[in-house]
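Derivation of every value follows stated rules applied to the coordinates shown; laboratory data play no part. These figures come from a predicted structure and were not determined experimentally. Methodologically, a virtual Cβ is constructed for each residue, glycine included, from the backbone with ideal geometry; neighbour enumeration extends over all protein chains shown.
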Amino acid sequence: MPVYRPPSIRPSEITPEQVYLSRRQLLGGLAGIGLASAMPRASGQSMALVEPPLSFTRNARYSTPEKANSWSDITQYNNFYEFGTDKADPAQNAGDFRTRPWTVTVDGEAELRGQFDLDSFLKPHALEERIYRLRCVEAWSMVIPWVGIPLGEVLKRFKPTSRAKFVEFTTLLDPKQMPGQRYPVLDWPYAEGLRMDEAMHPLAILAVGLYGRVLPNQNGAPLRLVVPWKYGFKSIKSIVRIRFTEKQPKTSWQQSAPQEYGFFANVNPAVDHPRWSQKRERRIGQGSLWDRQPTLPFNGYADEVASLYRGLDLARWF
Ligand code: MTE
């Protein structure tokens, strides 16, 4: 049975990634029988406040063996323009963001539609951990142990009709809580979209946690998309609406600079961004500022996803 624990913050429950890593195997084994939350907890750690542990099973098939980035890399170096445009802004400004109560609206071309409280939205699904590479369009990357649920499983529940060709996702619009939305940096609210077959691909997930804990606000709490073969901007945060559409939805970055950001946004070292190369990337937290590693087609997930784009000119449909 999936266990999704609502927020209740206790500083004694903070787990740094080292403690998490040594426990990960064990937690994976215990998940599902509700014992994970009974594990001993690290105490006295002076880290940012995080939530109690989640129960999950580890999905090894869809996890990279690469070393995960540290908790602090993942939670202090963020893009979340609703909380500011500097990498340090989201961690600094998202602390008071309220993620409960939280409603997800599902509408458009589906037999079942409606507004769902987040916990009931998530309830039928068992949580999985998946360690994915995230490649940002800005030519840096990280390895992140997400906890989430396969997006396709969620979408199926709402019985999309034959007219549903795309799925649109929208972030909360709340300039009172999200100071970045008081400035016209993007046409708010942040919006993203996937073609239906991309959304149904088993690699696409909705994440609710990382490092075995509820998502910190700066990483897109309480619910965000993760599409590991696409540039990070597709992985929209703090989702309040999922809409099935017949037409390709408008997406924030494509609207803002169509010559730079396409709808597909598949990681592609062969197609440069107009202002910089996409051939290489800096793995955050590794080596010096100047070290780069080659970027892989579809961010290393080509075996799984390249067939989705057979016959498509990826330089045109970037
Ligand atoms: N979602 C919203 N709502 N607002 C944003 O600014 N930034 C995107 C994506 N999702 C963004 C967003 C970009 S550019 C990246 S690289 C990833 O979130 C970063 O996710 P992370 O901060 O968890 O690493």
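Among the GluC sites (Glu not before Pro) within the range 229-294, those in coil by DSSP and having at most 14 neighbouring Cβ atoms inside 10 Å are 246, 260.
If each residue of separation counts as 0.36 nm, what is the full-extension length gain between residue 306 and residue 272 once their alpha-carbon separation is subtracted? Write out the running numbers ahead of the final one.
Values: separation 34, 0.36 × 34 = 12.24 nm, distance 1.86 nm.
Gain on extension, residue 306 to residue 272, equals 10.4 nm.
Are there any trypsin sites (Lys or Arg not before Pro) in the range 210-243 that are in a DSSP loop and have at most 16 other Cβ atoms within 10 Å? List them by number. The qualifying sites: there are none.
Give me D for the range 177-232 in µm² s⁻¹, whole number, from Stokes-Einstein with Rh from the Kirkwood sum over alpha-carbon pairs, 37 °C and 0.692 mPa s.
Answer from the Stokes-Einstein relation: 249 µm²/s.
Under a Cβ-Cβ cut-off of 13 Å, what is the net charge of the residues other than residue 256 that fall near it, where Lys and Arg count +1 and Asp and Glu count -1? Present the calculation step by step, with values, prior to reporting the outcome.
Values: positive: 250; negative: 187, 192, 260.
Result for the neighbourhood of residue 256: -2.
On the principal axes of its alpha carbon atoms, the range 227-276 extends 33, 21, 19 Å, with the longest extent given first. Phi angles of the range 145-157 translate, via the Karplus equation with coefficients 6.51, -1.76, 1.60 and θ = phi - 60°, into HN-Hα couplings of x, 7, 10, x, 9, x, 4, x, 4, 5, 4, 4, 4 Hz per residue; Gly and Pro are given as x.
With each label modelled as a point 7 angstrom along the Cα→C-beta vector, the residue 92-residue 117 pair spans 3.7 nm.
Please work out the C-alpha center-to-center distance from the range 64-140 to the range 168-182 and express it in whole Å. The two parts, judged by their Cα centres, are 14 Å apart.
If you add up the charges near residue 276, with Lys and Arg at +1 and Asp and Glu at -1, over every other residue whose beta carbon is less than 13 angstrom from its beta carbon, what do you get? Combined, the nearby Lys, Arg, Asp and Glu give +1.
Based on the alpha-carbon gyration tensor of the range 268-318 and its eigenvalue square roots a ≥ b ≥ c, which shape applies: rounded if a/c is under 1.5, prolate if not and a/b is larger than b/c, or oblate? Verdict is oblate for the range 268-318. Annotation note: GluC sites (Glu not before Pro) in the range 114-158 located in DSSP loop regions with a Cβ neighbour count of at most 10 within 10 Å are absent.
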